[in-house]
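The values are calculated or read from the model by the stated rules, or taken from the named source; none is laboratory data. In this text, all values refer to a predicted model and were calculated from it rather than measured experimentally. Positions of Cβ are backbone-derived with ideal geometry, glycine not excepted, and every protein chain shown enters the neighbour counts.
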Amino acid sequence: MKNIVGLVFVFSIGFVVLLVISWVLHWLHIRLEPAVQSEGGFLWISVLPITIYGVMLLAIGYTLRAGIPSPLAVMSLVILGLGWIGGLALGMNRFTLPAHSPAALSSLGEPGLLLSRPDKAVVFLQDPHKPQSPQVISVPGQGLVYVAIPQEEALQRGLGGPLVSFRTDAPAFLQGIIRDFASTATQLHTRLNEGFLPFLIYAGGLMVLLSSLGVICTLGAWPLANLCIRILVFRGVLALEALINTPRIQRDLLSLAGSWVPQSLLSPLLLYTLGLVLLLCTGVFQLVKQRSMYAT
């Protein structure tokens with residue numbers, strides 16, 4: 001009982017702290033980058049996936065150190081996660097996707113795309129995914145500037161200020177993490193707009209899958225090795241979640257399921273299934289481990 005109370009305390013404090021930190025950082029990013037628009041409704045839910053993954057990583061580590069049995073640990077983590085997420089969702093009234101969310105920018109569009117800010121605008125004449133392609137730049141009071149091969153330093157001198165950057169110089173692995181978290185946030189936001197129950201079903205599937213990863217997180221021989229394994233496993237689950245929510249995978253799953261499963265339940269059902277399979281593997285692993293201990 002003492003360990004369960006400690007788990008509730010660790011999970012609750014971790015959830016609140018991670019949510020507040022992520023919320024503040026996202027809010028500051030919006031203030032510093034005017035092109036990254038986010039309305040109040042989407043602000044909290046855009047950082048919710050980071051909070052979920054972070055607090056589950058923290059809570060699983062506590063359950064392993066405290067020696068809480070796997071079935072009890074999984075049940076407690078799912079209840080705590082759904083309680084905090086559901087309560088947070090019920091406390092919000094209206095949710096609106098930002099005009100330029102990370103998921104929306106993952107596919108920019110065709111040649112001729114116009115990207116604008118209050119102080120300047122850029123029209124991509126060729127591939128928008130190639131920032132060095134020919135562009136037409138408009139700055140208020142200076143007219144139009146055609147740039148065949150953009151050279152940032154020269155344009156800064158000519159236009160009297162820094163250019164609008166519509167690409168990120170972050171490392172590729174960091175871009176991938178941000179993109180996957182944005183995919184999860186979009187899923188949660190879309191399902192919450194559909195209703196509280198679809199939102200809770202999807203969040204529940206995610207919580208079941210994450211809480212069932214305890215057995216994988218103990219494969220290392222040292223605590224530091226287990227922490228690294230835990231982070232890598234969670235990164236893999238994040239990528240897997242983003243993958244199964246892509247339109248192509250959704251079409252393939254829908255073709256396999258036919259009319260037996262509604263499309264809105266495909267992703268949650270897969271998350272629940274993967275979580276239950278991991279729990280079954282955990283039970284078998286612990287049973288074999290106990291028998292080998294008795295045999296010796």
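Assuming residue 63 fulfils every condition listed in (1) under 19 Å from the mean Cα position of the chain (by Cα); (2) of a type in the set (Val, Ile, Thr); (3) at pLDDT below 90 apart from one, which condition is it?
Result: residue 63 passes all but (1).
Of the conditions (1) over 19 Å from residue 77 (Cβ atoms); (2) surrounded by 15 or more Cβ atoms within 10 Å (Cβ to Cβ), residue 241 clears all except one; give me its number.
Condition not satisfied by residue 241: (1).
Determine if the range 270-290 includes at least one residue that is crowded, with 20+ Cβ neighbours inside 10 Å, charged (D, E, K, R) and in a helix (DSSP H, G or I).
No, there is no match, as no residue in the range 270-290 is crowded, with 20+ Cβ neighbours inside 10 Å, charged (D, E, K, R) and in a helix (DSSP H, G or I).
Could you list, in sequence order, all residues of the range 59-94 that are within 26 Å of residue 196 (Cβ to Cβ), part of a helix (DSSP H, G or I) and among the polar types (S, T, N, Q)?
76
Looking at (1) surrounded by fewer than 19 Cβ atoms within 10 Å (Cβ to Cβ); (2) not in a helix (DSSP H, G or I); (3) not small (Gly, Ala, Ser), find the lone condition where residue 248 falls short.
(2)
Counting only residues that are in contact with a Leu (Cβ under 7 Å, 6 or more places away or on another chain) and in a helix (DSSP H, G or I), which one in the range 257-269 is nearest to residue 238 (Cα to Cα)?
266
Among the residues of the range 263-296, count how many are modelled with pLDDT of 85 or more and within 26 Å of residue 181 (Cβ to Cβ).
15
Would you check if there is a residue in the range 251-264 being under 22 Å from the mean Cα position of the chain (by Cα) and among the β-branched types (Val, Ile, Thr)?
Looking for residues that are under 22 Å from the mean Cα position of the chain (by Cα) and among the β-branched types (Val, Ile, Thr), one finds none in the range 251-264, hence no.
If you take the residues in the range 4-37 that are touching a Leu at 6+ places or on another chain (Cβ under 9 Å) and not hydrophobic (A, V, I, L, M, F, W, C), which one is modelled with the lowest pLDDT?
Ranking the qualifying residues of the range 4-37, first place goes to 26.
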